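Notes follow once the structure below has been shown.
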């Protein structure tokens, strides 16, 4: 391998590491890294020496910033949670850039591409600098860039950004419900990816003195995509291995019969298939039998009806409909601190809809939700979490590859967003250390409250079902919420686990937390609730202490039919 | 711009657009039913055509007029190849990555995205190895050129149009509307909508959800084959043309609101006319740039389409 080839591979690694940040760390399917490489290369060639004549450093910087802006804009396509649109947008961008380079030869030099003089020079009259960029210098520059990016990736993954990334990658829906601004984070990630892609393109054009459409084609995008899939999630060495494979690819292609360009394409597709098959086989680990419940029940503490606490959440006149179907009709509800407030009613009575309205996932047609005396617009779960209201999903959502303690830490991060936490952690400022200690304390406290301390650091896949449900409570609590909205937390729990849940809820109430409990198990409701609201066909038909509601004739009619 | 040129651009654009509408219809069908963006759809169109070319004319095809027998064989082959290739993409590339409730697995988006681009790449490059020329003239089994003696229609205002263009427009619109009606009215269409709403509930109600998913891909492939038959003979076709064709079809589907069948057909007409006007007004170099740019802009600004 010549020095030039080594430098070229190292510059390619910069682009691969940048792409890995999106694909392997944030779980975003980005198929257009070649387009960002092209922006860097073409931008540098057009603006720098031989083009518009700007100083080389300034040209590279401008191209990198331009690619970052482009990445930021394209990431708008990832507003929806599933992220598949981003694959489409970046794939279309890869083809747009490639075809535009071919279609406008006067600007981009056609199939030959843009040719510049090598070696490049970094000149700064102010500093008295004139540095000739020989291939050996390129090796140094590119290797230093790679080392810097790898160090940053490792450091980022250990700090608050690592929590964000794990949440984005493994459960964007959950991340949103815990207050993490998914769209904003995705945009930041793609901006970094695009900027590193452009840096790679700029370095390559200065090294080779050439940027041709065939070198930054959609095939390059796919090759880089394969390269980062090789390593698996959040491992920095994946792209290194992948780029090593890519370097070997042309030599293999030359050995095959037929057109070398085509053979490279076939090999890329074959590599992609192999990686996918391996990835799939690894994900099909045999399902272990679910572990037996291991939480020992504790005797119930006698619970006294709490004296009047302040109202933490107040809903007034909530009306909501799906098309012509009116799901809620003028529902009012007060949640007081220190109280478990059960919401019961037959299926289809509007319990889940009310929960969605309170959690900010659905805007009501009319009515208002006040938290601690302030009216909140239905601005989505993030704003609710910051206002101190967190909901647990009805379906169990557990991030399969993240330890329970770390999942709780994600919630702490979602609930308290100090400014520039990522940058401060990257620079290891004293304040970031204090913040991480505080966060660790909050994680421990939430795990203790939910009685999960013994299983805090086990593999999340080994949690029993009851522990998974408790983990949902712990995560909601760890956001710092004073109001918890719990959707059937006992569903699927064993009797022992229900006893533990009862215990956990009463302790939380003792700490002044307000809870709304949607539940079908009337024994649990009777044992744990201070207040009960009965919803039938979208209207509150009874509300009060469990004893009174139980004997209410209207409730008996609704549940048992007209006598 | 004089009237003749405008008419020429308009009718030509509508014809291209009606064919794009067929591509978009298949795409939107799959997206609506399976919640998967069929990234290899355009490659299926082109690969279906070249499968027919390879079987009927061999590896060194020359532009010829096919005798009636081979012409029918060629057309049927292209349709079958479209259905089989698309079905294979659905079965081999997409299905393993879909959500599986019984195993408690969520849909693997990175997985199906990667598998579909791999499928498209494989189709392009294998065909490229077999057919090394830059582009090929594809025979027209329907002989639409023979509709007028001179092979062209004169337009008011002095312009003229290849005879096949209005024929393609009419045929593509008829096929598109018929397919749309079929999907709305038939049992198959109802099953598709049931699976689209909730695959698990549909399965509980006795709808064979897996088979319906496969059939959505196969039906999209049939439409792709028809689109290929109508579109390919009008131009020099390259094995790499599929991607941009597919992406233009996706732009049409998004424009009409993803999941809407009529929207896809209408979106195709809009994209076709926009492309045609760009080419006549700005120059041929804009023929790919316009639909691709439109797609990127749509995805970033209005992914839910223009109708909402």
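Quick look at the numbers
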{"read-out": "Inter-label distance, nm, simple model (7 Å from Cα along the C-beta direction), residue B:55/residue B:67", "value": "1.9 nm"}
{"read-out": "Gap separating the Cα centres of segment A:112-183 and segment B:168-204, nearest whole Å", "value": "47 Å"}
{"read-out": "Over segment B:3-301, relative contact order from alpha-carbon pairs under 8 Å, at least 6 apart, %", "value": "39 percent"}
{"read-out": "Inverse mean reciprocal Cα-Cα distance (Kirkwood Rh) of segment A:339-448, Å", "value": "16.6 Å"}
{"read-out": "FRET efficiency for residue A:79 and residue A:144, using Cβ-Cβ distance with R0 set to 35 Å, rounded to 0.05", "value": "0.45"}
{"read-out": "Rg [Å, one decimal], Dmax [Å, integer] - segment A:3-214, C-alpha atoms", "value": "17.8, 55"}
{"read-out": "Dimensions in Å of chain A - Rg and Dmax from alpha carbons", "value": "28.6, 98"}
{"read-out": "Percent of C-alpha pairs per 5 Å bin, segment A:67-145, short to long", "value": "3, 11, 11, 12, 13, 16, 15, 10, 5, 2, 0"}
{"read-out": "Inter-site label distance for residue A:495 and residue A:65 at 7 Å from Cα along Cβ, in nm", "value": "7.0 nm"}
{"read-out": "Residue order, fewest to most beta carbons within 10 Å, for A:515, A:522", "value": "A:522, A:515"}
{"read-out": "Value in Å of the Kirkwood radius, where segment A:429-507 supplies the Cα pairs that are averaged", "value": "13.5 Å"}
{"read-out": "DSSP bridge orientation in chain A - percent antiparallel, rounded to nearest 5", "value": "60 percent"}
{"read-out": "Residue A:395-residue A:445 FRET efficiency (beta carbon distance; Förster radius 22 Å; 0.05 resolution)", "value": "0.25"}
{"read-out": "Residues residue B:211 and residue B:152, FRET efficiency given R0 of 60 Å [Cβ-Cβ distance, rounded to 0.05]", "value": "0.80"}
{"read-out": "Likely footprinting exposure, A:349, A:221, B:186, fewest C-beta neighbours within 10 Å first", "value": "B:186, A:349, A:221"}
{"read-out": "Label-to-label distance, nm, for residues given as residue B:5 and residue A:556 (7 Å Cα→Cβ offset)", "value": "8.8 nm"}
{"read-out": "Stretchable slack from residue A:431 to residue A:129, in nm (0.36 nm times residue separation minus alpha-carbon distance)", "value": "104.9 nm"}
{"read-out": "Relative contact order (%) - chain A, alpha-carbon pairs under 8 angstrom, separation at least six", "value": "17 percent"}
{"read-out": "Mean separation of Cα contacts under 8 Å, 6 or more apart, over the residue count of segment A:485-556: relative contact order %", "value": "25 percent"}
{"read-out": "Calculated diffusion of segment B:105-247, Stokes-Einstein form, Kirkwood radius summed over Cα pairs, 25 °C and 0.890 mPa s, µm²/s", "value": "132 µm²/s"}
{"read-out": "Convex hull of Cα atoms in chain B, direction-averaged projection (nm²)", "value": "16.7 nm²"}
{"read-out": "Cα-based Kirkwood hydrodynamic radius, segment B:125-169, one decimal, Å", "value": "12.8 Å"}
{"read-out": "Cα centroid separation - segment B:223-297 against segment A:357-403, whole Å", "value": "42 Å"}
{"read-out": "14 Å reach of a label modelled at residue A:459, 7 Å along Cα-to-Cβ, counting backbone N of segment A:161-181", "value": "none"}
{"read-out": "Gain on full stretching of the segment that runs from residue A:438 to residue A:311 - 0.36 nm per residue minus C-alpha separation", "value": "42.9 nm"}
{"read-out": "Packing-based exposure ordering (other Cβ within 10 Å, fewest first) of B:129, B:192", "value": "B:129, B:192"}
{"read-out": "For segment B:26-104, radius of gyration divided by Kirkwood radius, i.e. Rg to Rh on alpha-carbons", "value": "1.14"}
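Laboratory data are not the source of any read-out in this text; all were calculated from the coordinates shown. Computed from a prediction, not measured in an experiment: that's the story for all the values here. Backbone-built Cβ (ideal geometry, glycine too); neighbour counts: all protein chains shown.
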